Every structure is written in structure tokens, then in C-alpha cells.
Number of protein chains: 2
Amino acid sequence: MPKKVAVILSGCGVKDGAEIHEAACALLAIKKAGADYVCYAPNKPQHDVVDHLKSAPTGERRNVLVESARIARGDIRDLASFKVSECDALVIPGGFGSAKNLSDYAFKGAGATPDPGFAAAVKAMHAAGKPVGAICITPAVVAVVFRGTGVSPTLTIGTDPGTAADIEAMGSRHVECPPTDCVVDEANKIVSTPAYMSAAHIGEVYEGVCKLVKEVLRLA
Amino acid sequence: MPKKVAVILSGCGVKDGAEIHEAACALLAIKKAGADYVCYAPNKPQHDVVDHLKSAPTGERRNVLVESARIARGDIRDLASFKVSECDALVIPGGFGSAKNLSDYAFKGAGATPDPGFAAAVKAMHAAGKPVGAICITPAVVAVVFRGTGVSPTLTIGTDPGTAADIEAMGSRHVECPPTDCVVDEANKIVSTPAYMSAAHIGEVYEGVCKLVKEVLRLA
């Protein structure tokens, strides 16, 4: 049986949802590694809708699950139905959706709170000893999830000093890493890669994400 | 100087726009081959907006260029500004956007008409002897563009008999091809691959698209 990787999406588009290249690279890396994926997203309104041409909010209302379904080609589940027993590993692409819809990290930094369903999924994977892969800004959101729990994962978001300081302020540890590599916390089974936090192009994103997926599947 | 590939997008999502996996795989394949890409899309309303969870139209209005900008991370140009002199090759991902926004093939089959800007771009590339790569359903839209012109490219959309018959009815030639390969029309410099017309998963899409990009760059 191929290993099954849950992928949590946060919309569709870097400025208000899941980063599309990172999400597609994750799905591709999972299939190329011989595993299968199952996509999930929270069924709730997006924090906002951003015109990706003008980088300005449009005032529209869109739903995170419905827009995430674009990346998943319609084959996606409500995050409320997530069960740790139904997957071997969890991978979460980045994009502002991670910082706006899976948490409010985009607005509150180290004082952020996570989406309850997202926090429950990540904590349940950790408690079950199953690996979690966090891409781009998502490691900061993982730090939000574990703040105050006594769990102190080692994470990377690349080199951005402000985000790294937030991660440390929340009680996690940050180490620098190029976008073509990943950081593995063996004890907590948490793997992270910077992706577009520092990648120059989609080729670098794919290289780092492939390494992350390989490590996540090794730990699964 | 790396070769420059224009990529024409038709929205963001398989059911009403550009197929996201195919678009991301094309951008990745172009970068991995050492070339650069420049994205374009027509600046006009989408034919429709489809809820990708329910597969039902929503009645919303969205713009093809603005939604395509999600795939391009904001770095995209109006197709009206397309100049053959500014690129070495052209690649067009599939998705219903190709059949709804770059043409009305989804509704009129072999009697379809193309978007004027799209038709002008494809014809200008052909006239300049520069290669065109067409993915998924887009080869049928290329056949729409060349119907009645005396140009009769050899194309593939995989094995779907109805679409193949439409391509032949429009004066192009169809040959069968698996999704992990591509068909090269050397004389017309048009390369096509079936992608999700028959691919079982994103890994097969990427394999076929990598071969298409390699052939397109060889012809450039």
C-alpha cells in the first residue's frame, strides 16, 4: 500500500490562499515518491480576497474549501473530517492563506492564534508520532500551534530575521536553510523548507519540497 | 541568454480556467530546462465561474487575467501586449479555460471560434517559425485557430474519440499518444501532450509536459 499524505490547503493563490506552485510541487513530489495524497481545507470564509494583479483587496467573499478545490481538482475534504488514523503524514504548503486562514499570524505575529481545526490536526499528528512537513511561512504557523505546549520544534523559514525571531519568541527554534534544502527535527518528526520565503523561482521550490517530502515519508 | 517561453493562461482552475497542475508543471519544466517564462492572459471576463467542490456555476463574475495572476504570482501581462519578437516559444496549458475563454470549443466543438488575441498570438508564432506547445484540450483549440487557413498541424489530445474527430473535422490531423509522451509536428513546430485528457495523476502530467517543453525548446 502506498503511504497516504494529507495535504492541508488554505485557498488558491499566494496573496490570500495557498501558494499554487508550492501546492502543486508538493502534490507532484508526493506522487513521484510513490505515495498518494488527500487534500483538506477549512470550510470557512477566506480572511480576504486579493486581486493578484494589483495586489489590492477586492471586497469579494470566497470560501477557503471551495477555492482550495481548484488546486485539488475538486477532490478535497472538509478539514473538520480530518482523522489522523486515515493518513501516514501531513504536508502544508505556504502562501498568505497559511498566515491569514490557518492562523492570524499575518496580522498578530508571535501573538497569533491558529485556526482550531488546523491546530487540532497538527497536534494530533504530533501526538500520534506521525510526521508533519511545513512549507514556506507555514513553519511560523506550526510555531503558533505549539506555543505554550512545551513542544519546541526546530524549524526553518529560510533567513528572514523577523519571522525567525517570531518563531523563537513563540518557543520554537529557528535554523537558517536555503530554499533548495530542508530542516528535519527528528525527535518531533517535523520537516520544514523555505520555498518562496527565499526561493528565486519554482525550480528551487520544487527541489526543497522534494527533499521535504522524502524526509516526511522516511519518518512515516 | 536563456530562451524565453511565453505561457498563455486562461484563468485559475480546471473547470473554468487554466488547469493548475498543468500550468505549474509547465512553469517548472521550463525553469528546469534552463529557460525563462513570461505569463500572459486575455484581459476579459471569464465565460463562467464554477464551484470546484460542487462542479456547479456560481453566477460570480471574474476576470481571466486577474485570476490567471494567481498562477503567475502577480507577474503576468495582458495578452493584448503579446509580441512574437519578445519570446522564443509559446506554451499553452489546458483546463476548461482553454475551451471556454481562449475559444468557445467547449460549447461549439468543431464549429468553434477562437479568442481573437489568442488566435493572433498562435498564428504569429507559426508565421515566424517559432514553436508552440499545446497541452491537454488546447490542441483542439489550436485546430480551431488553424481551421480554414490551409495549415494542417498534427496534434494529439490522447485517445478521446470525440475530440479527435473534431480535430480531424477542422482540418488538422490527430494521432493517439499516452499522457507521458508528446507528439511533435516538426514542419509546423507544434508539439502537443494529452496531460489530464488521459493522465491518471500529476506525475504523468509532469512527465508528458517535460517532454513537450524539451521538444519546444529544441525547435526554438
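So which residues in the range B:156-213 are buried (at least 24 other Cβ atoms within 10 Å of the Cβ), away from chain A (no Cβ under 14 Å) and closer than 17 Å to B:CYS25 by Cα?
Correct list: B:CYS182, B:VAL191, B:SER192, B:THR193, B:PRO194, B:LEU212.
Could you pull out the residue among B:ALA106, B:ALA124 that is more than 14 Å from chain A (Cβ to nearest Cβ), touching a helix residue (DSSP H, G or I) at 6+ places or on another chain (Cβ under 7 Å) and surrounded by fewer than 17 Cβ atoms within 10 Å (Cβ to Cβ)?
Numbers: B:ALA106 fails: surrounded by fewer than 17 Cβ atoms within 10 Å (Cβ to Cβ).
Only one candidate passes the filter, namely B:ALA124.
In the range B:142-164, is there at least one residue being under 13 Å from B:VAL91 (Cα atoms) and touching a helix residue (DSSP H, G or I) at 6+ places or on another chain (Cβ under 7 Å)?
If we filter the range B:142-164 for residues that are under 13 Å from B:VAL91 (Cα atoms), which is where we start, we get B:142.
Checking the rest, the ones that are also touching a helix residue (DSSP H, G or I) at 6+ places or on another chain (Cβ under 7 Å) come to B:142.
Among the residues of the range B:142-164, at least one is under 13 Å from B:VAL91 (Cα atoms) and touching a helix residue (DSSP H, G or I) at 6+ places or on another chain (Cβ under 7 Å), which makes the answer yes.
Restricting the search to the range B:23-64, which residues are open to solvent by less than 10 Å² (accessible area, probe 1.4 Å), closer than 26 Å to B:THR113 by Cβ and at the interface with another protein chain (Cβ under 9 Å from one of its Cβ atoms)?
B:ALA23
Please work out if B:ILE71 is open to solvent by 10 Å² or more (accessible area, probe 1.4 Å) and either of a type in the set (A, V, I, L, M, F, W, C) or facing chain A (nearest Cβ under 8 Å) (or both).
So B:ILE71 does not fit the description; no.
Condition test on B:ASP88, is it of a type in the set (Asp, Glu), at pLDDT 95 or above, crowded, with 18+ Cβ neighbours inside 10 Å and in contact with a Leu (Cβ under 7 Å, 6 or more places away or on another chain)?
Against the criterion (of a type in the set (Asp, Glu), at pLDDT 95 or above, crowded, with 18+ Cβ neighbours inside 10 Å and in contact with a Leu (Cβ under 7 Å, 6 or more places away or on another chain)), B:ASP88 does not qualify.
The values are calculated or read from the model by the stated rules, or taken from the named source; none is laboratory data. In this text the structure is predicted, and so the values were computed from the model without any measurement. Please note: Cβ atoms are built from the backbone with ideal geometry, for glycine as well, and neighbour counts cover all protein chains shown. Accessible surface is based on the protein model in full, side chains and every heavy atom, while ligands, DNA and RNA are left aside. Shrake-Rupley method; radii C 1.70, N 1.55, O 1.52, S 1.80 Å.
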